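One structure is given here, and the rest of the page talks about it.
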Amino acid sequence: YLPEFCLLPVLEKIDEPISRVQFGAVSRYWHSLFNTFLDIKRRSSTNLVPMLMIPSKKSATKRKIYSLQAKSKIAEIEFPKPYTWRYCGSYYGWLATVDESFNITLSNPFENLSIHLPQFDSMAYDSGHYTYKILKVVLSDDPLLHPNDFVVVIIYSVYGRLAFYRPRQENWIYMDVDEDQSLFLDILFHKGLVYAIFFKLILDDENGKLLEKKEVDSIDGDIVFVGDNKTLAVSVLDFPEGQPNSIYFTDDFIDRDTYEILGPRDIGIFHLKDGSLKKYYQFKSSYKDLSPYIWISPSKEYN
């Protein structure tokens with residue numbers, strides 16, 4: 001047999017999950033190496049799988065951190081905002097909030113750090129409660145690692161408009177779009193490029209009917225986490241406790257008429273194969289006035 005130290009690096013270089021499974025099916029020895037590899041990945045990839053941050057009525061400043069891998073609360077963190085306060089972004093351990101004066105703050109409760117961004121121009125808004133006027137705050141990189149070279153993108157207004165900021169800028173840059181253009185829903189950064197996810201109804205010119213949209217029924221076995229956080233895909237090899245080919249979502253529902261905080265009632269797992277839904281965490285119905293739960297990925301140094 002080839003020794004373990006020779007075969008484990010081979011497994012590490014195999015990108016496709018199915019190919020790794022096939023590796024483990026060659027023999028009992030290779031199967032044992034495959035299980036060893038999974039154990040190593042599981043121990044070293046704790047921070048790849050985001051955790052759920054849950055507000056509590058028992059404390060105005062403490063938040064519970066719930067691990068899907070451990071299926072239990074693993075920590076509590078201090079955050080100086082009331083439990084009704086909504087987070088409009090969660091990236092690299094940083095949480096984004098907006099106040100009544102449209103001041104946006106990035107806070108890292110694991111490092112006890114804050115970054116105050118320029119005041120947002122309230123004239124760029126439609127009417128409504130300030131809590132939900134900033135739909136989502138997106139970061140290109142971790143400000144701890146790239147303090148002078150990160151980009152902040154904001155999705156704001158019920159029309160899904162965009163604004164941009166980089167360190168040392170005095171003001172936000174607002175993207176100039178026509179009112180009839182697409183509604184931006186999410187922003188992704190990949191290899192230095194910005195990708196916008198938008199919603200747009202496409203009508204048939206002849207009969208005015210909505211054209212059929214193509215549905216996705218597979219994401220190659222991966223697990224995707226969505227909500228007010230950084231949209232993140234995790235391999236089932238890094239999260240064997242999870243449900244493959246599924247989407248774990250938190251409540252990002254916004255009542256666009258009243259802008260009321262409606263609580264974390266809409267959370268679960270959506271299975272792409274059959275369209276079924278399942279809960280991954282049970283919350284008390286009496287907590288409906290809490291701010292929405294949010295996925296958070298602490299820095300690798302946090303234990």
Legend entry - Residues that are open to solvent by less than 20 Å² (accessible area, probe 1.4 Å) and assigned to a loop (DSSP other than H, G, I, E, B), drawn from segment 143-157: 143, 150, 157
Inset, instruction - Output the number of residues of segment 204-256 satisfying the condition of being at pLDDT below 85 and hydroxyl-bearing (Ser, Thr, Tyr). - result: 2
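Residues are listed down the side, and each one gets a yes or a no for (1) in contact with a Lys or Arg (Cβ under 6 Å, 6 or more places away or on another chain); (2) at pLDDT 70 or above; (3) surrounded by 12 or more Cβ atoms within 10 Å (Cβ to Cβ):
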{"position": "5", "(1), (2), (3)": "no, no, no"}
{"position": "8", "(1), (2), (3)": "no, yes, yes"}
{"position": "41", "(1), (2), (3)": "no, no, yes"}
{"position": "47", "(1), (2), (3)": "yes, no, yes"}
{"position": "87", "(1), (2), (3)": "no, yes, yes"}
Inset, instruction - Spot the failing condition for residue 129; the list is (1) open to solvent by 20 Å² or more (accessible area, probe 1.4 Å); (2) at pLDDT 85 or above; (3) not hydroxyl-bearing (Ser, Thr, Tyr), and only one is missed. - result: (2)
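The values are calculated or read from the model by the stated rules, or taken from the named source; none is laboratory data. Note that the coordinates shown come from a computational prediction; the quantities given were computed from them, not determined experimentally. Neighbour counts run over all protein chains shown; Cβ positions are idealised from the backbone, glycine included. When the accessible area is computed, the model is the full protein with side chains, heavy atoms only, and any ligands, DNA or RNA have been set aside. Shrake-Rupley method; radii C 1.70, N 1.55, O 1.52, S 1.80 Å.
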